[in-house]
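Read the structure below first, then the notes.
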Amino acid sequence: MEMFDLIILGGGPAGYNAALKAGHAGLKTVIIEKRALGGVCLNEGCIPSKALLYSAKVYDYTKHSSQYGVTVTGSSIDQKAVVARKNKVVKTLVGGIGMQEKAAGVKVVYAEAMIEGKDSEGFKVKAGDEVYCGKQMLLATGSMPVIPPIPGLREGVETGFVMTNREVLDLEEIPKEMVVIGGGVIGLEMASYYNSVGAHVTVIEMLDHIAGPTDADIAKILLGNYQKKGIDFCLKCAVKSLSADSVTYENEKGESVTVKADKVLCSIGRRAVTTGYGLENLNVYMERGAVKTDEQMKTNIPVSMPQAISTAYQCLLTQLTVRVRLLSTTSSARRTE
Ligand SMILES: Cc1cc2nc3c(=O)[nH]c(=O)nc-3n(C[C@H](O)[C@H](O)[C@H](O)COP(=O)(O)OP(=O)(O)OC[C@H]3O[C@@H](n4cnc5c(N)ncnc54)[C@H](O)[C@@H]3O)c2cc1C
């Protein structure tokens, strides 16, 4: 069993930045990631969504180029090439993080982590066939999409009719009719992309406004711009059920309305990943599905720290508290959509 000063669960922006800081501060650090370094942000969130939107922007420019005195004839979108470019961008950035971790002396383990418990030596975490022991542990397991118990939704996810933020970034064919459930930032970005590349998009949102907690004036401007682009919005509407090719919602007047769909994006929010990796083996305090922490982002589990690593650790903790707070703010902002 290899001993570490710090074990990090999850290689997203919280985990990989923490690992870099820890490595540079001289802590013997291991980061355990079950999918890919970069987490949601680099692999299925911020970066790939912006890569698609950039392609849409270029395409939109070609459609309106005459306004700028530029003649472009016969422009078209090649969705497979767009997705391939997006994948290349992601691969480059993820590779870059791997190299930075190596340079910082951080060990990266690609496996699903399972916390076995804590004893006098430290936290025991199993990953693959190995058990790692850490004097400290950072939980950075991120978030996942919420799939509410709407009849037909889960079945739709299983057949591929309903997509989450992961699948929607890899569609190689543009759907004719696309329904987006949830008019928060993730739903709006994808509604905008697929509208630009030729899909007819309907956004169904329960609130009376889009873009979640965004400033009301900005949300209004956004709504106007999206409507001008041709996106349909059903506000104050609650999705009630899905069939194999349609979505039924209840509108403000209580009427039931059905819209046809070739693909549906479910983007109604995200929840913290706190189950399935042995948190219960530590008796960590939880609060409304999230790990309960103090103002320094520490859990209720006491950790004793050898003097030798305390200075480096204090320095790391200060940096991390700032960083993790920023990320938590971003994540909770996303959760509220
Ligand atoms: C579509 C979309 C677009 C977004 N766009 C933006 C944007 O433009 N700007 C912005 O600031 N934010 C954006 N976000 C939010 C941003 O992605 C998150 O705030 C950020 O990824 C959170 O980082 P994290 O490290 O906390 O978690 P995550 O990125 O979720 O990383 C957690 C990691 O932990 C791993 N993991 C979980 N359990 C285990 C386990 N048991 N063992 C091993 N590994 C495990 C996961 O595989 C994952 O890689 C977007 C999110 C989405 C979904």
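Nothing in this text is a laboratory measurement; each read-out follows from the coordinates by a stated rule. Please read these numbers as outputs of a predicted model, since none were measured by experiment. Methodologically, a virtual Cβ is constructed for each residue, glycine included, from the backbone with ideal geometry; neighbour enumeration extends over all protein chains shown.
What are the equivalent ellipsoid semi-axes of segment 155-215, built from the alpha-carbon gyration tensor (square roots of five times its eigenvalues), in whole angstrom, biggest first?
Values: eigenvalues 80, 38, 21 Å².
Output for segment 155-215: semi-axes of 20, 14, 10 Å.
Please give the FRET efficiency for Glu255 paired with Tyr285, using the beta carbon to beta carbon distance and R0 = 35 Å, rounded to the nearest 0.05. Working shown, then result.
On the way: r = 45 Å, r/R0 = 1.30.
The value I calculate is 0.15.
Taking only Cα atoms, what is the 0 to 90° angle, nearest 10, from helix 307-335's long axis to the longest principal axis of the chain?
The answer is roughly 20 degrees.
Give me Thr141, Thr274, Thr71 sorted ascending by neighbouring Cβ count inside 10 Å, so fewest comes first. Before the final figure, lay out the partial values.
Details: Thr141 26, Thr274 16, Thr71 6.
Going from least to most buried by this count: Thr71, Thr274, Thr141.
What lysines could a cross-link reach from Lys88, if we take a straight Cα to Cα line under 23 Å and drop same-chain neighbours fewer than 8 places away?
Within the straight-line cut-off, Lys88 pairs with Lys34, Lys50, Lys57, Lys80, Lys102.
What number does segment 145-270 give for Rg over Rh if you use C-alpha atoms and the Kirkwood radius?
Working: Rg = 13.3 Å, Rh = 14.3 Å.
Computed over Cα atoms, the ratio is 0.93.
Please work out how many pairs of lysine residues in segment 145-270 are eight or more positions apart (or on different chains) and have Cα atoms closer than 16 angstrom.
So the count of such lysine pairs works out to 9.
For the residues Tyr68, Tyr59, Tyr110, what sequence is obtained by ranking on other C-beta atoms within 10 Å, fewest first? Kindly include the intermediate steps, with their values, before the conclusion.
On the way: Tyr68 8, Tyr59 18, Tyr110 14.
Ranking Tyr68, Tyr59, Tyr110 by Cβ neighbours within 10 Å, fewest first, gives Tyr68, Tyr110, Tyr59.
Measuring from label point to label point, each 7 Å out along Cα→Cβ, what is the Gln67 to Glu155 span in nm?
About 4.4 nm separates the two model spin labels.
Using unit Cβ charges (K, R positive; D, E negative) and no other charged atoms, how large, in debye to the nearest 20, is the dipole of segment 145-270 about its Cα centre? Spell out each step's value before the answer.
Values: 12 positive and 18 negative charges, 35 e Å.
Using only the charged Cβ atoms, the result is roughly 160 debye.
Roughly speaking, what is the stretch gain from Thr274 to Lys292, that is 0.36 nm per residue apart minus the C-alpha to C-alpha distance, in nm to one decimal? Let's see the in-between values first.
Working: separation 18, 0.36 × 18 = 6.48 nm, distance 1.10 nm.
Stretched fully, the Thr274-Lys292 segment lengthens by 5.4 nm.
DSSP loop GluC sites (Glu not before Pro) in segment 206-284 with at most 14 other Cβ atoms within 10 Å of their Cβ, which ones? Before the final figure, lay out the partial values.
Details: sites: Glu250, Glu252, Glu255, Glu280; in loops: Glu252, Glu255.
Sparse-neighbourhood loop GluC sites (Glu not before Pro): Glu252, Glu255.
Charges at C-beta only: +1 for Lys and Arg, -1 for Asp and Glu. How large is the resulting dipole of the chain about its Cα centre, in Debye rounded to 20?
Details: 38 positive and 36 negative charges, 152 e Å.
In debye, rounded to 20, the chain gives about 720.
With 10 Å bins from zero, work out the P(r) of the chain over every alpha carbon pair and list the percent per bin.
Over the chain, the share of Cα pairs per 10 Å bin runs 5, 22, 28, 22, 15, 6, 1, 0 percent.
As I understand it, the dipole of segment 145-270 uses +1 on the Cβ of Lys and Arg and -1 on the Cβ of Asp and Glu, about the Cα centre. Which of Pro145, Gly187, Asn225 lies farthest toward its positive end?
Of the listed residues, the answer is Asn225.
Restricting to bridges with both residues inside segment 145-270, how much of the DSSP beta-bridge set is antiparallel, in percent to the nearest 5? Mind showing how you got there, number by number?
Numbers: 10 of 24 bridges.
Just about 40 percent of them are antiparallel.
Roughly what % of DSSP beta bridges within the chain run antiparallel, to the nearest 5?
Numbers: 25 of 54 bridges.
Here the antiparallel bridges make up roughly 45 percent for the chain.
How long is the gain from Lys34 to Ala103 if the chain were fully straight, where each residue apart is worth 0.36 nm and the alpha carbon distance is subtracted? Kindly include the intermediate steps, with their values, before the conclusion.
Details: separation 69, 0.36 × 69 = 24.84 nm, distance 2.11 nm.
Difference between extended and current length: 22.7 nm.
Can you sort Lys21, Lys228, Lys88 from fewest to most other Cβ atoms within 10 Å of each residue's own Cβ? The partial results should precede the final answer.
Values: Lys21 22, Lys228 8, Lys88 11.
Least to most surrounded, the residues fall as Lys228, Lys88, Lys21.
Report the normalised scattering of segment 36-95 as log10 I(q)/I(0) at q = 0.16, 0.24 Å⁻¹, calculated by the Debye formula with identical scatterers on the alpha carbons.
Result of the Debye calculation: -0.57, -0.90.
Among the aspartates and glutamates, select those whose C-alpha is under 15 Å from the C-alpha of Lys91, and discard any that sit fewer than 8 residues away in the same chain.
Filter leaves Glu44, Asp170.
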